[in-house]
Amino acid sequence: MSRKRLQFLAESLSRSTKHFSEVEVECLIKLFDALLARSCSQFAVSGFNRIAFRDTLFAAFGMTDDVVLDRVFSTFDRSNSGCITVVEWVEGLAILLRGTLEEKIKYCFAVYDLNGDGYISREEMFQMLKDTLIKQPADEDPDEAIKDLIEIVLKKMDYDHDGKLSFADFEQAVKDENLLLEAFGPCLPDIKSRIAFEERVFPDTRKL
């Protein structure tokens, strides 16, 4: 990418994302190009495919849940092209690293809404929670433990009592209790990972 093109893109994205300075966007673009150059992806010319994106988020933030990572990819891939472009990369990281509570609520809901129908169903909750719970003693049915947990979640978050979570339910629950933001599994970097990433990528510009 030419210097002129880099500066133009960085200026444009710093205005549209609002959470990064122009210099920080330049750092993220350079990181994207460097990661892309190391990727063996068939999409290496235009962006990350799912495998390269998953490897990148694991290396950067230690994110490992395949179900969640697949949905994170889909939330980043706003054009539904099957690969993450540099613009989608910067816009997605703006929310992951520095998003407002409202932006993070929208992002987490989109991740948890596995089939994209506008609701988080019992089946989707089960699929996400089954890999996050501590293994139960051999004489206990793990599926029953998950179902019990889902009932507790619904009792706390399902404001209109229809047996599933709409965006309005999820938003209200999280605003009432912020800890419910990642109720169905981690899909945002923890503070330690976020700070480490920013220190590495923005060595001279980092803002806490």
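The values are calculated or read from the model by the stated rules, or taken from the named source; none is laboratory data. None of these values were measured; they are calculated from a predicted model. Note: ideal-geometry Cβ built from the backbone for every residue, glycine included; neighbour counts use all protein chains shown. Just the protein is used for accessible areas: all its heavy atoms, side chains included, with ligands, DNA and RNA removed. Shrake-Rupley method; radii C 1.70, N 1.55, O 1.52, S 1.80 Å.
Could you give the length gained by full extension between R38 and D148, i.e. 0.36 nm per residue of separation minus their alpha carbon distance, to one decimal place?
Full-extension gain reported as 35.1 nm.
Working out 0.36 nm times the residue gap between R78 and D117, then minus their Cα-Cα distance, what length gain in nm do you get to one decimal? Write out the running numbers ahead of the final one.
Details: separation 39, 0.36 × 39 = 14.04 nm, distance 1.60 nm.
Length gained between R78 and D117: 12.4 nm.
With the radius of gyration and the Kirkwood radius both derived from the Cα set of the chain, what is their ratio Rg to Rh? All intermediate terms of the calculation are to be shown ahead of the outcome.
Values: Rg = 18.6 Å, Rh = 18.4 Å.
Looking at the chain, the ratio lands at 1.01.
Could you tell me the ratio Rg/Rh of the stretch 103-180? Both radii from Cα atoms, Rh via Kirkwood. Each step should come with its number before you reach the end.
Details: Rg = 13.0 Å, Rh = 13.1 Å.
Reported Rg/Rh (Cα atoms, Kirkwood Rh): 0.99.
In the chain, carbon and sulfur make up what percent of the accessible area (probe 1.4 Å)? Intermediate results must be reported in sequence, preceding the final value.
Working: 6080 of 11420 Å².
The computed percentage sits at 53.
Find which of M157, Q172, I51 sits farthest along the positive direction of the dipole of the chain, computed with +1 on the beta-carbon of Lys and Arg, -1 on that of Asp and Glu, about the Cα centre.
I51
Considering only protein heavy atoms, what per residue accessible area in square angstrom results for the chain with a 1.4 angstrom probe?
Working: 11420 Å² over 208 residues.
That works out to 55 Å² per residue.
Quote to one decimal, in nm, the extra length available between Q172 and E103 on full extension: 0.36 nm per residue of separation minus the C-alpha distance between them. Walk me through the numbers before you get to the answer.
Working: separation 69, 0.36 × 69 = 24.84 nm, distance 1.38 nm.
Once the chain is fully extended between Q172 and E103, it gains 23.5 nm.
To make sure I understand the rule: partners must be lysines, Cα under 24 Å from the Cα of K192, and not fewer than 8 residues away in the same chain. Which ones qualify?
K192 reaches K18, K30, K104, K106, K175, K207.
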